[in-house]
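> Below you will find the structure I want to go over with you.
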Amino acid sequence: MTFTNESASGWQQATLSTPVAISANTTYIASYWEPNGHWSLDSAYFTIAHDNPPLHALADGTDGPNGVYNYQAIGFPVSTYQQSNYWVDVVFSSASTPPTPALSVSASALSFSAVTGGSNPSNQSFMVSNSSGGTLSWTGTKTQNWLSFSPTSGGNGPTTVTVSANSQGLAAGTYSDTITISDPNAMNSPQTVTVTLSLSP
């Protein structure tokens, strides 16, 4: 982390490459290393607590010391001097993490059966919906030509997905494929539905 656009005096600010997520009702310490010395302080500042909602700076002794420092380049700051504030502050954003969608698929497997040379088996279906918050945007894929489904994409739903098996031109036997429902933003993506087609002679 490097300070840029510094002024000759006054407040300096450095931005972390990745913001640090914090939790409510938890004590944190903000600190930095100054190899050339020099610092600003207001003594007796932390004899009382200070509030800038939703942040709360604890009074010294509430949850250990406040206004801590360390003279060494490596090590956690634990030393104090007269409850002083050294004005190492934080840039705080209260933006909340958007809710994450979750895929809910009503079936994990479907089975079709038919007679070779006869009619195609009846269509079957399953439901896709969002079982959490946020916005779901899913797509479905499969690999075999005898299998089809519609629609192949959707949103929060619930959406009925109709599945068809085309037995025409296939020899007797058992065929299988997998419908994969995915959304890269969903917490439990992907979800799969195994589809089996059994053809008797």
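Each reported figure results from applying straightforward, stated rules to the coordinates on display, with no laboratory input. Keep in mind that what you see is a predicted model, and the values were worked out from it rather than measured. Reconstructed Cβ throughout: ideal geometry from the backbone, glycine too, with neighbour counts over all protein chains shown.
> Grab the beta carbon distance between N188 and Y71, set R0 = 45 Å, and tell me the FRET efficiency rounded to 0.05. Mind dumping the intermediate values first?
Values: r = 49 Å, r/R0 = 1.10.
That pair, N188 with Y71, gives E of 0.35.
> Relative contact order, percent, of the chain when contacts are C-alpha pairs under 8 Å separated by at least 6 residues? Before the final figure, lay out each step's value.
Details: 364 pairs, mean separation 34.6, N = 201.
Reported relative contact order: 17 percent.
> What number, in percent, do you get for the relative contact order of region 103-200 if the mean sequence gap of Cα pairs under 8 Å and at least 6 apart is divided by its residue count?
Numbers: 231 pairs, mean separation 37.2, N = 98.
Contact order relative to length: 38 percent.
> For the chain, treating each Cα as an identical point scatterer without solvent, what Debye log10 I(q)/I(0) comes out at q = 0.17 1/Å?
-1.09
> A further question on this structure: Over region 1-97, what is the mean sequence separation of C-alpha contacts under 8 Å (at least six apart), divided by residue count, expressed as relative contact order in percent? Kindly include the intermediate steps, with their values, before the conclusion.
Details: 99 pairs, mean separation 23.1, N = 97.
This gives 24 percent for region 1-97.
> Which one of G75, T160, S131 is farthest out on the positive end of the charge dipole of the chain, using unit charges on Cβ (Lys, Arg +1; Asp, Glu -1) and the Cα centre as origin?
Checking the options against the dipole of the chain, the answer is T160.
> Hey, another quick one. Give the percent of DSSP beta bridges with both residues in the chain that are antiparallel, rounded to the nearest 5.
Working: 31 of 38 bridges.
Taking every DSSP beta bridge with both residues in the chain, the antiparallel ones total about 80 percent.
> Give me the one-decimal nm value for the distance between modelled label points at T100 and V88, 7 Å along each residue's Cα-to-Cβ direction.
Distance between the two pseudo-spin positions: 3.2 nm.
> What list of whole percents do you get for P(r) of region 1-97, with Cα-Cα distances grouped in 10 Å bins up to the one holding the largest distance?
Percent of pairs per bin, in order: 12, 43, 38, 7.
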